[in-house]
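The next block holds one structure in the form of structure tokens; read it before the comments.
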Amino acid sequence: MQYENDQFIIFYNRNDENIQQLITTLESKSKEIMNFFGLENISRKVIVKIYYSIDDYKKHLIPYLEEMGETYHDWMIADTMDDNINMLELSLCRELSSHRNETIEDQMQNILHEFAHICHHELLGENNSHGHIWFSEALATNLSGQDYNGIEIICTYEKLKNDFNNAPNNYPTSYLMGKYMIENYGRNFVLDLIKNWQLLDEFAPRLFEETKAFYNQNEMKKK
């Protein structure tokens with residue numbers, strides 16, 4: 001089965017409440033994310049594919065990971081590796097140890113997270129993030145409404161930049177860096193970083209240290 005509108009083509013096997021909420025979420029929230037990136041539209045219809053088999057999803061994902069020199073982890077339940085949105089169905093997410101408590105709200109945030117990546121890719125054009133996976137995740141976590149407050153930054157910047165998938169608290173750290181960056185430097189500066197990877201290279205270590213000092217100090221005060 002499929003659902004199609006002016007912006008999306010969604011492929012799915014079961015027309016249930018989760019699918020209807022996913023469609024509603026994309027239609028109601030996608031414009032807000034596009035506005036952040038200064039996009040009036042996406043140059044193509046975005047394909048969304050829901051996977052109903054963990055093995056099938058792994059068969060899709062693992063070749064891309066191997067090409068990047070990375071390995072599969074069971075927290076990997078959605079991606080844009082092929083410039084489309086690929087997502088594991090909710091009940092299957094709950095079979096994985098990293099997502100056993102996954103809610104439908106989590107899944108709606110996941111689909112918006114992946115759409116934020118699509119918008120980021122659209123704005124980059126021929127540019128790329130030059131290894132700054134954390135930066136892409138910083139934007140996606142914040143723009144999707146995910147919340148990793150209350151988690152300390154315990155990795156180094158070098159680990160986060162050079163070995164993101166194995167860095168401790170990788171997504172929470174990226175989220176906090178993104179939150180601090182948007183709140184203290186503003187949207188226009190973030191857009192400059194997207195377009196100018198040399199500036200991002202120069203700014204990122206400073207942002208990491210500022211974010212770590214600010215949030216870890218706040219967490220210490222709570223203890």
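Just so you know, all these numbers are worked out from the coordinates, no wet-lab data involved. Please read all numbers here as calculations on a predicted model, not as lab measurements. Here the Cβ is made from the backbone with ideal geometry for all residues, glycine too, and neighbour counts use every protein chain on show.
Two decimals is fine: what is log10 I(q)/I(0) at q = 0.12, 0.18 Å⁻¹ for the chain, from a Debye sum with one equal scatterer on every Cα and no solvent?
Rounded to two decimals, the profile gives -0.66, -1.48.
Given the Cα-Cα distance of ASN15 and ASN35 and 0.36 nm per residue of separation, how much length would full extension add, in nm? Intermediate values should be presented prior to the final figure.
On the way: separation 20, 0.36 × 20 = 7.20 nm, distance 2.97 nm.
Stretched out fully, the ASN15 to ASN35 stretch lengthens by 4.2 nm.
Show me the ranking of peptides 160-167, 182-189 by mean Cβ neighbours inside 10 Å, starting with the highest.
Details: 160-167: 17.1, 182-189: 12.4.
Going by the mean number of other Cβ atoms within 10 Å, highest first, we get 160-167, 182-189.
So what are the ³J(HN,Hα) numbers for the range 9-17, from phi and the Karplus equation (6.51, -1.76, 1.60; θ = phi - 60°), rounded to whole Hz, Gly and Pro as x?
Rounded to whole hertz, the list is 10, 10, 9, 8, 9, 10, 8, 10, 4.
Within the range 1-67, report the GluC sites (Glu not before Pro) that DSSP leaves as loop and that have at most 11 other Cβ atoms within 10 Å.
Numbers: sites: GLU4, GLU17, GLU27, GLU32, GLU40, GLU66, GLU67; in loops: GLU40.
Counting only loop positions with at most 11 other Cβ atoms within 10 Å, the GluC sites (Glu not before Pro) in the range 1-67 are GLU40.
Which loop-located trypsin sites (Lys or Arg not before Pro) does the range 56-147 contain, where loop means any DSSP state but H, G, I, E or B and the Cβ has at most 16 other Cβ atoms within 10 Å?
Working: sites: LYS58, LYS59, ARG94, ARG100; in loops: ARG94, ARG100.
Hits after loop and neighbour filter: ARG94, ARG100.
Can you pick out the pairs among LYS29/LYS159; LYS159/LYS179; LYS29/LYS179; LYS31/LYS195 whose Cα atoms lie more than 24 Å from each other? All intermediate terms of the calculation are to be shown ahead of the outcome.
Details: LYS29/LYS159 33 Å; LYS159/LYS179 20 Å; LYS29/LYS179 19 Å; LYS31/LYS195 21 Å.
Distance filter (> 24 Å) returns LYS29/LYS159.
How much length is gained if the chain between THR156 and SER43 is pulled fully straight, taking 0.36 nm per residue apart and subtracting their Cα-Cα distance, in nm to one decimal?
On the way: separation 113, 0.36 × 113 = 40.68 nm, distance 3.72 nm.
Extending this stretch completely gives an extra 37.0 nm.
For SER98 and TRP75 in one chain, what is 0.36 nm times their gap in residues minus the Cα-Cα distance, to one decimal in nm?
Extra length available between SER98 and TRP75 comes to 7.8 nm.
Roughly speaking, what is the centre-to-centre gap between the range 191-210 and the range 98-170 when only Cα atoms are used, to the nearest Å?
If we compute the Cα centre of each part, the gap is 16 Å.
Please give, to one decimal in nm, the separation of the simple spin-label points placed at LEU123 and ASP201, each 7 Å out from Cα toward the Cβ.
2.1
Taking amide H positions as placed 1.01 Å from N in the peptide plane, with prolines and chain starts having none, which residues 5 or more places from TYR51, or on another chain, fall under 5 Å of its amide H?
Answer set, sorted by chain and number: MET87, LEU88, GLU89.
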